[in-house]
Amino acid sequence: MGRKFDKLMIGGKNGKHMVNKRKKDNNRTILIFVLIAVFFLCACHSNQIWFDCQTNTVYSVEDYPIRELNVTMVNAKKSFWISKIDTLKGESCIKLDSLGKSYKIVEDSVRLLPLKKYDNIPFVPFETYEIYHASIGDASACIIYVQTDENGKANKVLKQ
């Protein structure tokens, strides 16, 4: 036994055609919404990072290239921007004490002054470093804190 709405006649001969057309339009709308949802779910990446105290290296959790990091020395009130050089391919990890050729570091200071460039992030004794990663615009930012000991070696990682 067929469904009643399949055989529903509204306003004469064209009524059945109108009901079928309305069902097709609803199916198309649902399909479009499903495709858009799948696209956005697949496009979402994560800004999650972790820090290896032995090598002073920041890693992307999902192995996506890191485009930018902001590293702030909390006690010294100094901040650095690490950014990928546009013409080069990014890496999924950044070694803070020897950056390599794919990234550049500038001190984040008053914009009226010329920016001072660095080769690495200075690790000093009894400092807390805030590492902020927000390279991928649609994902929430990730912040981790790294503390150093009396020798300037990273020994503790805290996550916000």
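Laboratory data are not the source of any read-out in this text; all were calculated from the coordinates shown. Since the structure is predicted, the reported quantities are computational estimates derived from the model, not experimental observations. Counting neighbours? That spans all protein chains shown, and the Cβs are built from the backbone with ideal geometry, glycine included.
Residue exposure proxy: Tyr129, Tyr103, Tyr118, ordered by other Cβ atoms within 10 angstrom of their Cβ from fewest to most, comes out as Tyr118, Tyr103, Tyr129. In a simple Cβ point-charge model (Lys, Arg +1; Asp, Glu -1; nothing else charged), segment 49-159 has a dipole of about 320 debye relative to its Cα centre. Taking only the Cα atoms of segment 49-159, the ratio Rg/Rh comes out at 0.94, with Rh defined as the Kirkwood radius. With R₀ fixed at 22 Å, the C-beta to C-beta distance from Leu88 to Asp52 puts the FRET efficiency at about 0.45. Ordered by the count of other Cβ atoms within 10 Å of each Cβ, fewest first, Ile30, Ile121 give Ile30, Ile121. Subtracting the Cα-Cα distance of Asp25 and Asp63 from 0.36 nm times their residue separation leaves 9.6 nm of extension gain. Distances between placed amide hydrogens fall under 5 Å for Ile49 paired with Val61, all partners being 5 or more residues away or on another chain.
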